[in-house]
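What follows is a set of notes on a single structure, which appears directly below.
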Amino acid sequence: MRYFLVILALGWLAFLPPFFTHGACDAEFQQERAEVASNHGAFASVALARSYWQSKAVPAFVLSSEQCNRLRLKFLDNCAPGPLVYAAVPVKNRTCRFYRDNSVTVQLGYDEHDRLQWVETDMKPSKSLTLPFVGTLYWAG
């Protein structure tokens, strides 16, 4: 019986950290989104984008339009007419990294003349639990 209670307590402890992030995961996502938006000039071309991500030591890769169309990537709704730059910015907060997502992804779509067409920043959404008389609890928010 004692072992069962210890296992139960450890199980509850494993699920508690995401409820106490106080918005740290969302804040990290919003910070990265704002940084990408404020550095729009750094993404004016594929070469500049590649250089930007290299200077930050962030893993990034470039796909041609043909590669993108051929691969049918599950995280991408549609391919750009030109190259696609995909970067995965590592999440710093360990709780967020473990319980929510390990990276903030940035997709940069270019036209056939190497001009930036669109930017998409993404992270897995936080989950929530609404309890009567308590309110809404956010899981790794």
Would you please name the residue that is nearest to V58 (Cα to Cα), looking only at residues in region 82-123 that are surrounded by fewer than 16 Cβ atoms within 10 Å (Cβ to Cβ) and of a type in the set (K, R)?
K92
If you take the residues of region 63-81 that are buried (at least 16 other Cβ atoms within 10 Å of the Cβ) and of a type in the set (A, V, I, L, M, F, W, C), which of them is nearest to G23 (Cα to Cα)?
L76
Does region 28-46 hold any residues that are under 13 Å from G109 (Cα atoms) and of a type outside the set (F, W, Y), and which are they?
H40, A44, S45, V46
What pairs can you find where one residue is in region 60-74 and within 13 Å of Y86 (Cβ to Cβ), the other is assigned to a helix (DSSP H, G or I) and aliphatic (A, V, I, L, M), and their Cβ atoms are less than 7 Å apart, with a gap of 6+ or different chains?
V62/V46
Residues of region 84-141 being at pLDDT below 80 and in a loop (DSSP other than H, G, I, E, B), which ones?
R100, K124, P125, S126, P132, F133, V134, A140, G141
Identify the single condition in (1) over 30 Å from A24 (Cβ atoms); (2) free of Cβ contacts under 8 Å to residues at least 40 places away in the same chain; (3) of a type in the set (F, W, Y) that Y110 does not satisfy, given that it satisfies every other one.
(2)
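Per-residue answers, yes or no, for (1) in contact with a His (Cβ under 9 Å, 6 or more places away or on another chain); (2) within 20 Å of S38 (Cα to Cα):
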| position | (1), (2) |
| --- | --- |
| D77 | no, no |
| A87 | no, yes |
| V91 | no, yes |
| C96 | no, no |
| D101 | no, no |
| E112 | no, no |
| L116 | yes, yes |
| V119 | yes, yes |
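The values are calculated or read from the model by the stated rules, or taken from the named source; none is laboratory data. Bear in mind that the values here come from a model prediction, so they are computed numbers and not experimental data. Note: ideal-geometry Cβ built from the backbone for every residue, glycine included; neighbour counts use all protein chains shown.
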